[in-house]
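Have a look at the structure below before the remarks.
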Amino acid sequence: MEIRLYLEMLRRSWWMIVVTMLAALNVALVSAYFATPQYQSNARFIVSPNPDLITGRDVINSLEALDKRSIISTYAEFLNSRRILQETLNEIQVSSSEAEQYTITTVVLPDANILELTVSGPNPDMAALLANSIGKRAIDYISRLYSAYDISILDPAGPAPTPFSPQPVRDAGLALVLGLIGGTALAIVSEQIRIPLETYRQRFRTDNVTGVFNSRYFRTLLEEEIGAKPDELLSVGIVEMQGLTEVLPTLPPIASQKLLRKVRDILRKELRGNDVIGRWNEISFAIMLPATPGTAASRTFQRIYQALCEQLEIEGYGMNIALDPHVGGAVFSKELSAADLLSQSESALEQARRDQQKPVVMWQMKSPFLTPKDG
């Protein structure tokens, strides 16, 4: 189930993954285009007992001493020595500023008495020259200080034919992989952030009991509809159920919720898909009918009234509730604002409350249109 949820997140945010991969690829290719090629040269050195000074049983003891790695590690430090580097630069007449473009490292190869000196930089010939020259200088120093063990060049360094960096194909492939990983993570994180925000936004807009829009957001939607389509027809109505006035305070919260949601379902059944329902107050709902003239709105409100006249049963409580509905509505005109339209709807509802023979009242500009009980 959780995997399916993540897959759904990725499906909704696939564009984010694609954009991240393309951005990473673009950065890699641009970096490769402007980067200075780097070449790498390796020289290898072997350390062994001096056959002129060590013979017989001492050779075995010397080899065992080399296995402790302290001697060969000391030789590696000679190859990394700043002093040897500076003397080498003076000898081959290379300035320190030029040498700063090169990286020099020495490692002891595992399970072997071999040292590998690596020099990396923008010039392959200079990298090879530095590797070999540093090696020779270090051998001279070591030979004077440690005569029991020889260090000699095993493989001299040579100019690299191709740069090891940048490699556009490799870098592009790596960038796509990293972009895929980063884009996937970004998509999941953004969805996890968006979902709580969307949940909060939805809670801010809807009524907790009925699940329809609350009155504040209903007003906002009405204002937006009028602002976006000032020349189109629009009708608004308030459906009040006076029978709930005394019933709701006596019911448990669950029973009240069931009852109000039944009313909501009746309203939805009588309305179109683009009509809007809001919870107006404790005992009434507000309805917006876009692109609906007064006559059609009157018929809709009449159907709602007839449907709500039926008593509602609350399952599990053995109660039948008479809702005693009344409906007041108004038709939009250019001279009216959203607040005016709602105010006229409330006035029409007040008239419907007073006149039991006309429980549905529709107001239109200049002269009210009254809908009798029988339609």
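What follows draws every value from the coordinates through simple rules; no lab data is involved. Bear in mind that the values here come from a model prediction, so they are computed numbers and not experimental data. Cβ atoms come from the backbone with ideal geometry, glycine included; neighbour counts cover every protein chain shown.
Computed per residue of the chain from DSSP H runs no shorter than four, each worth -39500 (n - 2.57), the mean residue ellipticity at 222 nm is -17000 deg cm²/dmol.
Each peptide in 121-132, 306-317 gets a packing score, the mean of other Cβ atoms within 10 Å over its residues, and the list from highest to lowest is 121-132, 306-317. Between the residues 109, 239, 164, the greatest Cα displacement towards the positive end of the dipole of the chain, with unit charges on the Cβ of Lys, Arg, Asp and Glu, is found for 239.
Packing, taken as the mean count of other beta carbons within 10 Å per residue, orders the peptides 278-287, 223-232 from highest to lowest as 278-287, 223-232.
Lysine pair count for the chain (Cα-Cα distance under 21 Å; residues 8 or more apart in sequence or on different chains): 6. Taking a span of 24 Å or more along the helix axis (Cα atoms) and a mean Kyte-Doolittle hydropathy of at least 0.5 as the rule, the DSSP H helices of the chain that qualify are 14-34.
The structure shown yields percent of Cα pairs over 28 Å apart, and of the options (i) 65; (ii) 43; (iii) 68 that calculated value carries the label (iii). Using Cβ point charges alone (K and R +1, D and E -1), the dipole size of the chain about the Cα centre works out to roughly 1140 debye.
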